[in-house]
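Right, one structure below, let's go through it.
The values are calculated or read from the model by the stated rules, or taken from the named source; none is laboratory data. What you are looking at is a predicted structure, and each value in this text was computed from that prediction instead of being measured. Cβ placement follows ideal geometry from the backbone for every residue including glycine, while neighbour counts extend to all protein chains displayed.
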Amino acid sequence: MRVELRSTVPLWLILSAPMAAIALAFLSCSLLILWTGSPVLAAYGALLRGAVGSPFALSETLTRAVPLILTGLAVAVCFRAKLWNIGAEGQFYGGALAASLLGTGELSLPRPGLVLVLLLAGWIAGGLLLWIPAWLKTQFQVDEVVTTLLLNFVILLGISYLLEGPLKDPLALGWPQGRALVESALLPRLIPRSRLHAGFIIALLAALGVWAIEQFTVWGLEMRAVGANPEAAKFLGIPVQGVILYTSLLGGGLAGLAGACELLGLKGYLTLDLSPGFGYTGIVVALLAQLHPLGVVGAAVFIAGVYVGADTMGRSLGVPTYLADVIVAAALLWMLVCMGLARYRLRWD
Amino acid sequence: MTANPSPPSEAPLALKVVGITKRFGALLANDQIDLELRAGEILAILGENGAGKTTLMNILFGHYVPDQGQVWVLGRPLKLGSPAAALAAGIGMVHQHVVLADNLSVLDNILLGTQPLWHLWSRRRERRRRIQKLAEELGLAVDPDALVGSLTLGERQRVEILKVLYRGARILILDEPTAVLTPPEIEPFFHTLRQMAGRGLGILLISHKLQEVMRISDRVMVLRSGRVVMTGKTAEIHPAALAEAMVGQRLAAVVKAPLSPGETVLELQQVSCGVLERVSLTVRRHEIVGIAGVAGNGQSVLADLVCGVIRPQQGHLHLYGRVLRLISPAEMVRQGMARIPEDRHKTGLIGSLSLWENWVIERYRDPEFSRWGILRHRQIYQQAYTWLQTYDVRGLQGEDPRRALQMPVQLLSGGNMQKVILSRELCRDPQVIVAHQPTRGLDLGAVAYVHTQLLAAARAGAGILLISEDLDELLSLADRVAVLYRGRLSPAAPTHTTTVTALGLRMTGQEVADAC
């Protein structure tokens, strides 16, 4: 028996690597559950029930997946062109802020019109927030990992100021939150008596759209080429700087859209706990999906399921809900291992 | 060929290889290879790309584990599959693509990994003296404090050899060592090799350059499709027999038919940029103008300039008699220029992208290949498949075309990669062709193919600027040759009035200096 390098990785293996990674993540985390003294199978049973065990659970999981799909796409698109966008969290809040500024009564339009304007505003705000680091990268070779990451804190602190000051809702009993959106700015619910909103459809369409762009358009080809080898891309006549700039508008825009959707679909007013780190989790989603836009949907639903299910697990068995973070992190680590292993094959003589 | 004072057959056996077999999937890369190397001997392993030379070397150095076979070093069996064991046994390998840390000094690069971590003193001064002594003895002059990033490829290679010798190698494996050297550097390099052999080192030289092998080696071994097809003393073998053994058939020499040049298509007027100083040059239709010169005298700048990657600081670029105002790679492509860059891996192709993507990468915006931003996949596949086949890119035959075109281009061999570039550049009947080292690192068959294609393009009406360090290539292809030395270009002289010696002299600045 020998181990040898594959020249190409077949599709079935690319698809089964994440499955194996997820299985291994659960397997390795079962040790932690044993440590807390709970029965492993019962705990995972509770997690599964909490994630997909009932129509309500499923709707909760999908609701949670909406921002994750969009931030995952935001990261995946940028990473594909080797624009290291660590700032999806800031872009998320930027999008939410823009939607909140226009949606609290300043703009009165009939329902679908206002929603579209607000989503677009979120897109533009998020896109511009990534456009700035991308522009600095193309003009002055400023490392975008640093700028996008640090911009997150600038935006969060900026919004924190706004919510304590000019944007504070006087009716919120002193809580730092923005005024409620007008009725016509809200996204409709998809299923009555659940929280699943039309943002889910938007997220799915966005994934399809990104997939189509990457697969069928010249821009997809340009982004792949720039990501794979910028020097060759430049020599071959691809406008590398332009590609980086429009990638930033696309990627940042998707993260901004995530913020706007979460605001319009779920929360209805701007607060600082709008995102429990959706922007950062988006990085995990993108990597778990191997940057494939359709894979992002699956990865986002999985991660959302783990988080939602962990609440049930915590409630029914007393296992700490932090375990969800551990499972997601372990899945990412195992994913890296499985992707490495998928490049090899065993051969029996 | 009288490299060694002592007859090799009496010297102790440095390396013995028995029955090495290595399979990659369906490919038999090495098939029952036997080899003996004596101390003080230079053994050349000759073979085309893909003959299994590099695989064999990688097995010797422990990068690959062979399926069968054994290796003895200085009489002791070698643990296979472990570079550390190979190093400890005294095998030193100098790779074709030098692997050094650019941002460290020469000294640090050599010492890297040799210093025990728990010593408080690194005894740099003593080590430095040892390295300098070694360098002087072998004629490997290089400044120990220079940053490796600032060295030429030839100098980096010297550093690599020093590094290997400093670690106490008794057997030196050199993979295509002259590929990175310029003609004037080769002779001193061979001198160094002989000196090293004279000190009792066993040297394995991998090459596909016949003349060099004939000049430097004591014995030669020819590999073809993973098998040893010929071994013997170099002095007793005729070069033609070697070439035949290598290729498996007789090669027809490239014949150049005389053509009368047409109007000027490409012209540089007093162009200055970087190291280039007031360079003037014209290329006419049906004409191949060669640029000779030692690497680092401005060839890359000249190539980048003509390819549209950089703009001239002074002077003008004319295309078809008009001054080019807008200079960019895309504009050059639009103007009908074909560009064959020096480095296939770095600029010519994008390795992880597929064949079709690489084929269409310069022209995907053409209405033929995309509309409203949507790629017309069917058109692209069809054209790419046809043209890649026309230019004899292997690996496409017999398979479903769509699937074959999805293959990442980095899986192809060097010769096939170059054919992909030729196919992309030449299929649109270019008016101007800029070819920078178009045959570097290619095997004989592929070299002949590239030459034939360039001549055919010239016949069809293209003006060709051929920048090369291979003088034989320039003399056999070019109509006129100019020499680039320290950023200055000599007037292009008709090829039939020049010789290799005259060009070689000018390349070292002798005639140019006299003329000034």
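Go through B:Gly373, B:Gly290 for me and flag whichever is of a type outside the set (A, V, I, L, M, F, W, C) and either free of Cβ contacts under 8 Å to residues at least 12 places away in the same chain or within 14 Å of chain A (Cβ to nearest Cβ) (or both).
Just one listed residue meets the conditions, B:Gly373.
Checking A:Lys234 against (1) within 14 Å of chain B (Cβ to nearest Cβ); (2) touching a Phe, Trp or Tyr at 6+ places or on another chain (Cβ under 8 Å), which single condition isn't satisfied?
Going through (1) within 14 Å of chain B (Cβ to nearest Cβ); (2) touching a Phe, Trp or Tyr at 6+ places or on another chain (Cβ under 8 Å) one by one, A:Lys234 breaks only (2).
Residues in segment B:202-218: is at least one loosely packed, with under 15 Cβ neighbours inside 10 Å, without any contact (Cβ under 8 Å) to a residue 24 or more places away in the chain and of a type outside the set (Asp, Glu)?
No, there is no match, as no residue in segment B:202-218 is loosely packed, with under 15 Cβ neighbours inside 10 Å, without any contact (Cβ under 8 Å) to a residue 24 or more places away in the chain and of a type outside the set (Asp, Glu).
Go through the residues of segment A:214-232 one by one and say whether even a single one is under 13 Å from A:Pro67 (Cβ atoms) and in a helix (DSSP H, G or I).
Looking through segment A:214-232, none of the residues is under 13 Å from A:Pro67 (Cβ atoms) and in a helix (DSSP H, G or I).
Given the condition more than 30 Å from B:Ala456 (Cβ to Cβ), outside the structural domain of B:Leu454 (by TED's automatic domain parsing) and either part of a loop (DSSP other than H, G, I, E, B) or in contact with a Gly (Cβ under 7 Å, 6 or more places away or on another chain) (or both), answer yes or no: does some residue in segment B:307-324 qualify?
The answer is no; no qualifying residue exists.
Run A:Thr8 past the list (1) outside any helix (DSSP H, G or I); (2) modelled with pLDDT of 85 or more and report the number of the one that doesn't hold.
(2)
Need pairs with beta-carbon distance below 7 Å; first residue of a type in the set (S, T, N, Q) and within segment A:12-39, second surrounded by fewer than 13 Cβ atoms within 10 Å (Cβ to Cβ) and not in a helix (DSSP H, G or I); sequence gap 6+ or separate chains.
Cβ pairs passing all conditions: A:Ser38/A:Gly318.
Write out, first by first residue and then by second, each pair whose Cβ atoms fall under 7 Å of each other, whose residues are 6+ apart or on separate chains, and whose first residue, in segment A:132-146, is under 11 Å from A:Leu83 (Cα atoms) while the second is among the acidic types (Asp, Glu) and in a helix (DSSP H, G or I).
Filtered contacts from segment A:132-146: A:Pro133/A:Glu144; A:Ala134/A:Glu144; A:Lys137/A:Glu144.
Filter the helices (runs of 4 or more DSSP H) completely within segment A:39-147 down to those with at least 3 residues that are surrounded by fewer than 24 Cβ atoms within 10 Å (Cβ to Cβ).
Passing ranges, in order: A:40-52, A:55-80, A:111-140.
Taking the criterion of being facing another protein chain (nearest Cβ under 9 Å), touching a residue at least 24 places away in the same chain (Cβ under 8 Å) and either acidic (Asp, Glu) or farther than 18 Å from B:Val434 by Cβ (or both), would at least one residue in segment B:328-337 satisfy it?
no
Any residue that is away from every other protein chain (no Cβ under 14 Å), over 22 Å from A:Ala329 (Cα atoms) and loosely packed, with under 12 Cβ neighbours inside 10 Å - is there at least one of those in segment A:24-35?
The answer is no; no qualifying residue exists.
Name the residue, out of B:Gly200, B:Gly168, B:Gly154, that is at pLDDT 85 or above and either on the phi > 0 side of the Ramachandran plot or not assigned by TED's automatic domain parsing to the domain that holds B:Pro12 (or both).
On inspection, the qualifying residue turns out to be B:Gly200.
Tally the residues that are of a type in the set (Gly, Ala, Ser) and within 14 Å of chain A (Cβ to nearest Cβ), restricting the search to segment B:302-327.
Residues flagged as of a type in the set (Gly, Ala, Ser) and within 14 Å of chain A (Cβ to nearest Cβ) within segment B:302-327 amount to 2.
Here's the yes/no breakdown for (1) within 11 Å of another protein chain (Cβ to nearest Cβ); (2) surrounded by fewer than 19 Cβ atoms within 10 Å (Cβ to Cβ); (3) in a loop (DSSP other than H, G, I, E, B):
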| position | (1), (2), (3) |
| --- | --- |
| B:Thr347 | yes, no, no |
| B:Ile350 | yes, no, yes |
| B:Asn358 | yes, no, no |
| B:Glu362 | yes, no, yes |
| B:Thr386 | no, yes, no |
| B:Arg402 | no, yes, no |
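Which condition does B:Thr390 not pass, out of (1) surrounded by 18 or more Cβ atoms within 10 Å (Cβ to Cβ); (2) away from every other protein chain (no Cβ under 11 Å), if it passes all the others?
Among (1) surrounded by 18 or more Cβ atoms within 10 Å (Cβ to Cβ); (2) away from every other protein chain (no Cβ under 11 Å), the lone unmet condition for B:Thr390 is (1).
Output the residue which, of all residues in segment A:182-212 that are in contact (Cβ under 8 Å) with a residue 24 or more places away in the chain and of a type in the set (Val, Ile, Thr), is nearest to B:Ile380 (Cα to Cα).
Here the residue is A:Val210.
Look at segment B:268-320 and say how many of its residues are at pLDDT below 85 and at positive phi.
4
Of the conditions (1) at pLDDT below 80; (2) within 14 Å of another protein chain (Cβ to nearest Cβ); (3) touching a strand residue (DSSP E or B) at 6+ places or on another chain (Cβ under 7 Å), B:Ala26 fails just one. Which one is it?
Here B:Ala26 clears every test but (3).
If I ask for residues that are among the aliphatic types (A, V, I, L, M), within 23 Å of B:Pro367 (Cα to Cα) and under 26 Å from the mean Cα position of the chain (by Cα), which ones from segment B:379-435 would you list?
B:Leu388, B:Val420, B:Ile421, B:Leu422, B:Leu426, B:Val432, listed by residue number.
Conditions (1) at pLDDT 85 or above; (2) surrounded by fewer than 23 Cβ atoms within 10 Å (Cβ to Cβ); (3) touching a His at 6+ places or on another chain (Cβ under 8 Å); (4) not hydrophobic (A, V, I, L, M, F, W, C), marked per residue:
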{"position": "B:Thr21", "(1), (2), (3), (4)": "yes, yes, no, yes"}
{"position": "B:Gln32", "(1), (2), (3), (4)": "yes, yes, no, yes"}
{"position": "B:Ile42", "(1), (2), (3), (4)": "yes, no, no, no"}
{"position": "B:Gly47", "(1), (2), (3), (4)": "no, no, yes, yes"}
{"position": "B:Thr54", "(1), (2), (3), (4)": "no, yes, no, yes"}
{"position": "B:Ile59", "(1), (2), (3), (4)": "yes, no, no, no"}
{"position": "B:Gln70", "(1), (2), (3), (4)": "yes, yes, no, yes"}
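State yes or no: is A:Leu150 part of a helix (DSSP H, G or I), farther than 18 Å from A:Tyr246 by Cα and touching a residue at least 12 places away in the same chain (Cβ under 8 Å)?
no
So A:Ala258 clears everything in (1) in contact with a helix residue (DSSP H, G or I) (Cβ under 7 Å, 6 or more places away or on another chain); (2) over 18 Å from A:Gly87 (Cα atoms); (3) more than 14 Å from every other protein chain (Cβ to nearest Cβ); (4) part of a helix (DSSP H, G or I) except one condition, right? Which one?
Status for A:Ala258: all satisfied but (2).
With respect to A:Gly237, is the statement that it is of a type outside the set (Lys, Arg), farther than 25 Å from A:Met339 by Cα and in a helix (DSSP H, G or I) true?
For A:Gly237, the condition - of a type outside the set (Lys, Arg), farther than 25 Å from A:Met339 by Cα and in a helix (DSSP H, G or I) - is not met.
Checking A:Leu151 against (1) surrounded by 21 or more Cβ atoms within 10 Å (Cβ to Cβ); (2) within 14 Å of chain B (Cβ to nearest Cβ); (3) not small (Gly, Ala, Ser), which test does it fail?
(2)
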